[in-house]
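Read the structure below first, then the notes.
The values are calculated or read from the model by the stated rules, or taken from the named source; none is laboratory data. What you see is a predicted model; the values in this text were computed from it and never measured. Cβ placement follows ideal geometry from the backbone for every residue including glycine, while neighbour counts extend to all protein chains displayed.
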Amino acid sequence: MLITFNPLYLFPAPQADIVDDLSLYFKAGDSKNIAKNFASTIELIIGDEEDVYSKVQAEQIIRDFFIKHPPVKTTISHKINTNPNYRFGVITLSTSLKENFRISVTMKKNNNSFFIITELRIEQVKE
């Protein structure tokens with residue numbers, strides 16, 4: 001009987017980076033999947049409006065944002081993923097109205113070892 005060794009079984013497949021996933025969700029205008037990553041309360045800053053919202057409220061605000069600014073493209077400008085308890089990403093969002101927005105996402109690890117979004121900032125980029 002021949003026993004073969006497969007080194008791929010030694011290490012789990014690397015988990016996709018949450019910033020990469022969020023970039024895809026923003027491009028698709030998918031507020032539901034974005035909100036799945038929200039903490040129970042989240043600091044949400046859109047332009048000059050800043051407040052702390054529940055997960056449900058924040059999802060509705062993001063949904064309304066996508067209605068007013070239909071997304072067409074995203075680019076990841078920056079990400080910090082070297083700290084095991086913290087993630088940060090900057091995504092540039094282009095809209096069908098020829099607007100560009102800078103999206104900053106701050107995430108912390110929760111008790112279940114998943115990263116949750118604690119702060120989301122959306123600022124229009126002035127050309």
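Identify the residue in region 107-127 that is touching a Gly at 6+ places or on another chain (Cβ under 9 Å) and surrounded by fewer than 17 Cβ atoms within 10 Å (Cβ to Cβ) and, among all such residues, is nearest to residue 45 (Cα to Cα).
Only one residue tops the list, namely 123.
Anything in region 103-124 that is under 18 Å from residue 59 (Cα atoms) and either touching a His at 6+ places or on another chain (Cβ under 7 Å) or in contact (Cβ under 8 Å) with a residue 24 or more places away in the chain (or both)? List them, or say none.
If the condition is that a residue be under 18 Å from residue 59 (Cα atoms) and either touching a His at 6+ places or on another chain (Cβ under 7 Å) or in contact (Cβ under 8 Å) with a residue 24 or more places away in the chain (or both), then 103, 105, 107, 115, 116, 117, 118, 119, 120, 121, 122, 123 are the ones that fit.
Among the strands (runs of 3 or more DSSP E) lying completely within region 20-102, list those that include at least 2 residues that are at pLDDT 95 or above and either touching a Lys or Arg at 6+ places or on another chain (Cβ under 7 Å) or surrounded by 15 or more Cβ atoms within 10 Å (Cβ to Cβ) (or both).
Per the criteria, 38-46, 71-80, 86-95.
So which pairs qualify, if the first residue must be in region 71-91 and in contact (Cβ under 8 Å) with a residue 24 or more places away in the chain, the second must be among the hydroxyl-bearing types (Ser, Thr, Tyr) and not in a strand (DSSP E or B), the Cβ gap must be under 6 Å, and the two must be at least 6 apart or on different chains?
Every condition considered, the pairs that remain are 72/96; 74/23; 76/23; 91/23.
Just name the residue that is modelled with the lowest pLDDT out of those in region 103-116 that are within 13 Å of residue 39 (Cβ to Cβ) and of a type outside the set (Val, Ile, Thr).
Among those that are within 13 Å of residue 39 (Cβ to Cβ) and of a type outside the set (Val, Ile, Thr), it is 112.
Do we find a residue being under 14 Å from residue 34 (Cβ atoms) and among the hydroxyl-bearing types (Ser, Thr, Tyr) anywhere in region 84-92?
Within region 84-92, none of the residues are under 14 Å from residue 34 (Cβ atoms) and among the hydroxyl-bearing types (Ser, Thr, Tyr).
Check 127, 119 and return the single one that is at pLDDT 95 or above, more than 13 Å from residue 19 (Cβ to Cβ) and either touching a Leu at 6+ places or on another chain (Cβ under 6 Å) or not in a helix (DSSP H, G or I) (or both).
Criteria check complete, one pass: 119.
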